[in-house]
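The values are calculated or read from the model by the stated rules, or taken from the named source; none is laboratory data. Predicted, not measured: the structure shown is a model, and the values here were computed from it. Cβ atoms come from the backbone with ideal geometry, glycine included; neighbour counts cover every protein chain shown. The area values use the complete protein model at the heavy-atom level, side chains included, leaving out ligands, DNA and RNA. Shrake-Rupley method; radii C 1.70, N 1.55, O 1.52, S 1.80 Å.
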Amino acid sequence: MKSWIAFWNILKKDIKNYYLKPPNISWGIIFPLSWTLMQLIRSPGRNILELLPGLISMSVLFGTTSMLAVTITFERSGRSFDRLLLAPISLNVMVLAKIAGTILFGIFNAFVPVIFASFFIDLSAIDWGLLLLAVLMIAITSSLTGLLIAVSAKQVFEAQTFSNFFRFPMLFLCGLFIPISSLPLFLRPVSFCLPLTYGTDILRGTIVGANILSPLLSSGMLLIFAVVLFFICRHNINEKWIL
Amino acid sequence: MGMVNVSNLKKTYGNFTAVNDISFEIDKGEIFGFLGPNGAGKTSTLNMIIGLSRPTAEEITVDGIDVKSQTKKAQAIMGIVPDESNLYNEMDGFDNLCFCAALYGMRKEEREPKARQLLEQFRLKDAGKRPFKAYSKGMRRKLTIAAALIHSPQVLFLDEPTTGIDVESSRQIRDMVLELKKKGTTIFLTTHYIEEAERICDRIAFIAEGQIVASGTVPQLMESISHDHAIQFVTDKNFESLPVELEALFKGNEVTIRPDHSLVMASEQRIPLFPVMEFFHNKEVEVYEARELRPSLEDVFVKLTGIESSVLKKDKEKGGH
Ligand SMILES: Nc1ncnc2c1ncn2[C@@H]1O[C@H](COP(=O)(O)OP(=O)(O)O)[C@@H](O)[C@H]1O
Ligand SMILES: [Mg+2]
């Protein structure tokens, strides 16, 4: 019960102080929108439906990783983060509470291109349950990646650099816009080491039926990534922040 | 067994030893102070006790709870005020207090009245709806202390609570610390202000270069250095010849006349008063006051640590800006 009160209030505070701040909300809307528009302008002949999985993945990825990395590094530099380390709550609860806000923010981001697309095309064929699952799993793994970046960064600026260092290669390696089958052979194994590849593949399956792996396998892989990342984060926080 | 027990605490950063084998015990309801200059190892010691930094120690317990193995359980009864006021800038005073209460699992019905009460107690009621970033240094420190008290901790840790803040806030903080002691809270504080330690601590440990050089109550610390016995006489008149005559009469005494015209007799032995008074009486000198001059805690600190008290003074000036 006590942990739950702490969890809920950390989440509430982050949502109020960070995610619901006008610049972040507008960023969360404008960013996915402009990517959608850019893709449409660049390749007008392409079907919006085909672009949708990539746009959703990207929106989640960009909405989560840097967000968590930056807010945590910010709290660390102002030392308010020490309050969480000194509170009588387990590291698990703390990590879960910190990523919960980002996950919700990522899900919000994901639906911007979906809603946008719904004005132009018929989305009734989509398996929404599976789509939500994929979005959720992408949000979880990306948030944890953001947390991992936060543990390694010392300044807000460093956190931003690190997150870009992770994100941009991912755009090209996860089959977002370039199908994995058209990647050079030596890069393909790298693709399969990235959680986003699996998330995008599920989305492709449910939106255009063009998945290369079974959704069950992809979900399983995402779950494994999430669990492993969670424990690495926990371990690193313990090692690096309790000096 | 004390409320806080620490034995053989050590901390090294690389090959630099910041805390070198420190042991102490704080009784329940006691105010225990660490007095030492910047870099002495005060914060390093405190951070290990509160579980913010990994200790090397034989034992650290708080209310019998082993901090090393049951960190979270121990933290639940600790109130912690770090050397930097570290609340959330974007949030107002009231929300900050409520958030901190929630971290300790307090329900809304408990935390809101408690937050209001603390704002009132710290005279921050009007500031309760202002964001933390708009607070002055003194207000920031007071709210940080209020946040540490929100869950009514049994032990309060204060790291340099009055460094760098205004006189009035410092006074309020000291009064509040004494008030808490009355209610039975155990308090550990660090400071580099001699007068602060002397005024509010039940016991003081002098810390220098990662070690406790001496510890005890103020009288115990005073006793620990051998000093001359000196008596100051306030008289209605004095003559240049008095010191010479007194020194001749009372062997082993050194007699001087101070700028305020009082007369000071110093000796390695205690000075019996009656013969001296008799001497004055014969000389028709009226004595209004005779008092023993004791060394100040500052003198004791300098003697025991070998640190010039100006080092502490300099810190103080720096902290004041
Ligand atoms: N994280 C750290 N890494 C390296 N040295 C440190 C670290 N923290 C403190 N020190 C050093 O340890 C010594 C004691 O520091 P500290 O405990 O902060 O002293 P105080 O609080 O008494 O001013 C100082 O010389 C300081 O430079
Ligand atoms: Mg310090």
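Checked against (1) free of Cβ contacts under 8 Å to residues at least 60 places away in the same chain; (2) within 16 Å of ligand 2 (Cβ to nearest atom); (3) crowded, with 17+ Cβ neighbours inside 10 Å, residue B:16 passes all but a single condition, namely (3). The set of residues from the range A:110-150 being over 20 Å from the mean Cα position of the chain (by Cα) and of a type in the set (A, V, I, L, M) comprises A:117, A:121, A:123, A:125, A:126. Out of the strands (runs of 3 or more DSSP E) lying entirely within the range B:21-112, which hold 3 or more residues that are within 14 Å of another protein chain (Cβ to nearest Cβ)? It comes to B:78-81.
Could you count how many residues in the range B:262-283 are part of a loop (DSSP other than H, G, I, E, B) and of a type outside the set (Gly, Ala, Ser)?
Summing the residues that are part of a loop (DSSP other than H, G, I, E, B) and of a type outside the set (Gly, Ala, Ser) in the range B:262-283 gives 6.
Among the residues of the range A:77-126, the one identified as within 14 Å of another protein chain (Cβ to nearest Cβ) and aromatic (Phe, Trp, Tyr) is A:81. Scanning the range A:159-197 for residues that are farther than 17 Å from residue A:219 by Cα, β-branched (Val, Ile, Thr) and part of a helix (DSSP H, G or I) returns A:161, A:180, A:190.
Residue-wise test of (1) within 35 Å of the chain's Cα centre (by Cα); (2) among the basic types (Lys, Arg); (3) assigned by TED's automatic domain parsing to the domain that holds residue B:176.
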| residue | (1), (2), (3) |
| --- | --- |
| B:199 | yes, yes, yes |
| B:209 | yes, no, yes |
| B:250 | no, no, no |
| B:256 | yes, no, no |
| B:263 | yes, no, no |
| B:267 | yes, no, no |
| B:271 | yes, no, no |
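Restricted to the range B:29-40, and to residues there that are in contact (Cβ under 8 Å) with a residue 12 or more places away in the chain and open to solvent by 10 Å² or more (accessible area, probe 1.4 Å), the residue that is farthest from ligand 1 (Cβ to nearest atom) is B:29.
With B:118, B:158 as the choices, which residue is in contact with a helix residue (DSSP H, G or I) (Cβ under 9 Å, 6 or more places away or on another chain) and within 16 Å of ligand 2 (Cβ to nearest atom)? Spell out the reasoning first.
Details: B:118 fails: within 16 Å of ligand 2 (Cβ to nearest atom).
Matching residue, one of B:118, B:158: B:158.
The set of residues in the range A:44-89 being open to solvent by 20 Å² or more (accessible area, probe 1.4 Å) and outside any helix (DSSP H, G or I) consists of A:44, A:45, A:46, A:47, A:78, A:79, A:88.
Take residue B:188 and tell me if it is among the hydrophobic types (A, V, I, L, M, F, W, C), more than 22 Å from residue B:44 (Cα to Cα) and in contact with a strand residue (DSSP E or B) (Cβ under 8 Å, 6 or more places away or on another chain). Give the derivation first.
Values: among the hydrophobic types (A, V, I, L, M, F, W, C): yes; more than 22 Å from residue B:44 (Cα to Cα): no; in contact with a strand residue (DSSP E or B) (Cβ under 8 Å, 6 or more places away or on another chain): yes.
It is false that residue B:188 is among the hydrophobic types (A, V, I, L, M, F, W, C), more than 22 Å from residue B:44 (Cα to Cα) and in contact with a strand residue (DSSP E or B) (Cβ under 8 Å, 6 or more places away or on another chain).
Every listed requirement among (1) modelled with pLDDT of 80 or more; (2) open to solvent by 60 Å² or more (accessible area, probe 1.4 Å); (3) outside any loop (DSSP other than H, G, I, E, B) is met by residue A:200 save one, (2). Residues of the range B:220-237 being in a loop (DSSP other than H, G, I, E, B), touching a residue at least 24 places away in the same chain (Cβ under 8 Å) and open to solvent by 40 Å² or more (accessible area, probe 1.4 Å), which ones? If the condition is that a residue be in a loop (DSSP other than H, G, I, E, B), touching a residue at least 24 places away in the same chain (Cβ under 8 Å) and open to solvent by 40 Å² or more (accessible area, probe 1.4 Å), then B:224, B:227, B:228, B:236, B:237 are the ones that fit. Residue count for the range B:178-191, restricted to those that are under 15 Å from residue B:82 (Cα atoms) and either surrounded by fewer than 23 Cβ atoms within 10 Å (Cβ to Cβ) or within 16 Å of ligand 1 (Cβ to nearest atom) (or both): 4.
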